[in-house]
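So the structure is just underneath, and the comments pick up after that.
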Amino acid sequence: MTTALKLGDISVDVVLKDIKNVHLSVHPPTGRVRIAAPAGTDMDAIRVFAISKLDWIRRHQAKLTQQDREPPREYIDRESHYVWGERLLLEVVERDQAPAVERDHRRLILHVRPGADLAAKEAVLARWYRELVKAEVPAMIATWEPVMGVKVERFFVQQMKTKWGSCAVARQSIRLNTELALKPKKMLEYVVVHEMVHLLEPTHNQRFVAYMGQFMPNWRHMQRQLNSLPVRHADWDL
């Protein structure tokens, strides 16, 4: 169950669940604030915690509201689309065959059945982006496992509305956002490393920061670069 907590002009969604630590997050596109806390946590304690983080919350809300947004996609000829950070012009080809996607050095060619609507075109391209990410991740994991001394049992790629990736420590699995196929490939590797570090440290504490600095010294630059790139035009929600 979600409880609303008001702190002046800021509304916080509080969720009590079976976890060990308190997690604070600010979600795009509007800067919605969410606190997940262990079941049984006193609401007054949560209020005190939220008040102590008000400056952090306001800074992150400001970043999100200022971030560029991609225009809504129409999936029409000569519309700009991105693959690994490279801008390509879309070409839509209708044919009575199985949908497919091809690319050359300037174009992204979307093959769809005659009369395919916007949702069908979007689904075809989303599946193709998902396969791009799936093809790249195994080699990245294999590279970093011996460096970190961890083992990723499984990874998943899916469309995620509020985050680039996540880690299920108990299952030793990581989950990655399909949208990473639109960003430069080094951004995918940064997210893979970030989630794998959570196998050593589940939270974003100083131990996590130290591990990131050890394995990827320029990680803060990568983080800023990824978060500065335009994000999808969407009404994101959990």
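Details
- Within region 46-178, the proportion of Cα pairs with more than 18 Å between them is 68 percent.
- Per residue, the convex hull spanned by the alpha carbons of region 114-183 comes to 103 Å³.
- Translational diffusion coefficient (Stokes-Einstein; Kirkwood radius from C-alpha pairs) of the chain at 20 °C, 1.002 mPa s, in µm²/s: 108 µm²/s
- Isotropically averaged projected area of region 98-238, using the convex hull of Cα atoms (one quarter of hull area), nm²: 10.2 nm²
- Listed by chain and number, the aspartates and glutamates placed with their C-alpha closer than 15 angstrom to that of Lys151 are Glu195, Glu201; residues fewer than eight positions away on the same chain are left out.
- C-alpha center-to-center spacing [region 182-217, region 126-176] in angstrom: 12 Å
- Protein-only accessible surface order, largest first, of Phe49, Phe208 at 1.4 Å: Phe49, Phe208
- Taking the accessible area of the chain, probe 1.4 Å, and keeping the other protein chains in place, the carbon and sulfur fraction comes to 51%.
- Cross-link partners of Lys134 among aspartates and glutamates (Cα-Cα below 13 Å; sequence separation of 8 or more within a chain): Glu179, Glu189
- Estimated translational diffusion coefficient (Stokes-Einstein, Kirkwood radius over Cα pairs, 20 °C, 1.002 mPa s) of region 1-58: 187 µm² per second.
- Per residue value of the accessible surface for the chain (all protein chains in place, 1.4 Å probe), Å²: 56 Å²
- Area of His27 that stays accessible when all protein chains are in place (1.4 Å probe, Å², to 10): 10 Å²
The values are calculated or read from the model by the stated rules, or taken from the named source; none is laboratory data. Only a predicted model underlies this, so the values are computations on that prediction, with no experimental measurement involved. Heavy atoms of the whole protein, side chains included, go into the accessibility calculation; ligands, DNA and RNA do not. Shrake-Rupley method; radii C 1.70, N 1.55, O 1.52, S 1.80 Å.
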